[in-house]
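Just below is one structure, and these are the notes that go with it.
The values are calculated or read from the model by the stated rules, or taken from the named source; none is laboratory data. Every value quoted in this text rests on a predicted model; they were computed, and no experiment measured them. Because the Cβ atoms are built from the backbone with ideal geometry, glycine has one as well, and the counts that use them run over all protein chains shown. To get the accessible areas, we keep the full protein, side chains included, count just its heavy atoms, and leave off ligands, DNA and RNA. Shrake-Rupley method; radii C 1.70, N 1.55, O 1.52, S 1.80 Å.
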Amino acid sequence: THDIDHVKKFHFFREPRILAGLIIHRKFKKASVRFRQILKSILRDPYWNFEEIMDKEKEYGFTSSFYFTCGGDSEYDADYNIKDRKIKDLIHLIRERKFEVGLHGSFNSYNDYELLDREYDTLKSIVDNIFGGRQHYLRFDTQTSFKIYEQLGLRYDTTMGFAEHE
């Protein structure tokens with residue numbers, strides 16, 4: 001599974017402040033490295049590697065799920081807007097290549113039916129056949145979250161399965 005939390009490594013409105021801080025603190029080597037990374041990312045952002053991921057998975061004979069966040073107002077939520085044309089095009093590309101697109105519930109949606117319902121509807125307006133999801137930061141309440149998923153018509157949740165603890 002792939003939780004799509006960030007689609008850009010650098011946010012250019014923030015970078016001048018970060019670079020200035022490095023220079024003020026006389027961290028010239030770090031500033032220089034970061035500046036070169038920023039310049040390289042203008043040509044090709046290292047976080048926008050979805051096609052490479054799909055190519056590699058197809059090479060090894062499997063497909064995975066890409067979970068997109070569709071809202072949320074927490075500082076911990078995703079750094080993209082699901083309604084942006086570039087993100088919508090990415091979602092359609094993922095589906096065209098026969099990978100699954102699922103719901104990555106926002107930070108506070110794990111126990112809030114109305115919030116997760118809005119996020120689900122937003123994703124459904126872009127792509128059909130949403131079967132499952134995974135909650136952001138693995139926030140899940142077994143008493144509430146399963147009921148919400150069932151009410152929405154989601155068939156499964158992968159929040160409870162992650163690398164460190166099966």
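Mind counting the residues in the stretch 117-158 that are open to solvent by 80 Å² or more (accessible area, probe 1.4 Å), modelled with pLDDT of 95 or more and within 18 Å of the chain's Cα centre (by Cα)?
3
Among the numbered criteria (1) surrounded by 12 or more Cβ atoms within 10 Å (Cβ to Cβ); (2) over 30 Å from Asp141 (Cβ atoms); (3) over 15 Å from the mean Cα position of the chain (by Cα), which one does Phe50 miss?
Among (1) surrounded by 12 or more Cβ atoms within 10 Å (Cβ to Cβ); (2) over 30 Å from Asp141 (Cβ atoms); (3) over 15 Å from the mean Cα position of the chain (by Cα), Phe50 violates only (3).
With the requirement that a residue be open to solvent by 50 Å² or more (accessible area, probe 1.4 Å) and on the phi > 0 side of the Ramachandran plot, what does the stretch 67-87 give you?
none
Do the conditions hold for Asp73, that is, is it within 16 Å of the chain's Cα centre (by Cα) and under 16 Å from His6 (Cα atoms)?
On the way: within 16 Å of the chain's Cα centre (by Cα): yes; under 16 Å from His6 (Cα atoms): yes.
It is true that Asp73 is within 16 Å of the chain's Cα centre (by Cα) and under 16 Å from His6 (Cα atoms).
The conditions are (1) in contact with a Leu (Cβ under 8 Å, 6 or more places away or on another chain); (2) open to solvent by 80 Å² or more (accessible area, probe 1.4 Å); (3) under 23 Å from Asp157 (Cα atoms), and Lys30 fails exactly one of them. Which is it?
(3)
What single numbered condition from (1) open to solvent by 80 Å² or more (accessible area, probe 1.4 Å); (2) in contact with a His (Cβ under 8 Å, 6 or more places away or on another chain) fails to hold for Tyr60?
(2)
May I ask you to verify whether Phe35 is aromatic (Phe, Trp, Tyr) and either assigned to a strand (DSSP E or B) or at pLDDT 80 or above (or both)? If you could, list the steps in order and put the result at the bottom.
Working: aromatic (Phe, Trp, Tyr): yes; either assigned to a strand (DSSP E or B) or at pLDDT 80 or above (or both): no.
Considered against the rule, which asks whether it is aromatic (Phe, Trp, Tyr) and either assigned to a strand (DSSP E or B) or at pLDDT 80 or above (or both), Phe35 comes out as no.
What is the number of the single condition among (1) farther than 28 Å from Glu114 by Cβ; (2) over 15 Å from the mean Cα position of the chain (by Cα); (3) modelled with pLDDT of 95 or more that Asp89 does not meet?
(2)
If Ala78 meets every condition in (1) under 19 Å from Gly132 (Cα atoms); (2) among the hydrophobic types (A, V, I, L, M, F, W, C); (3) free of Cβ contacts under 8 Å to residues at least 12 places away in the same chain apart from one, which number is that one?
So Ala78 meets the others, but not (3).
Scan the stretch 101-116 for residues that are open to solvent by less than 40 Å² (accessible area, probe 1.4 Å) and either closer than 13 Å to Leu154 by Cα or assigned to a helix (DSSP H, G or I) (or both) and jot them down. Please lay out each step first, then the result.
Restricting attention to the stretch 101-116, the residues satisfying the condition of being open to solvent by less than 40 Å² (accessible area, probe 1.4 Å) are 101-107, 109, 115-116.
Hits for the stretch 101-116 are Val101, Gly102, Leu103, His104, Gly105, Leu115, Leu116.
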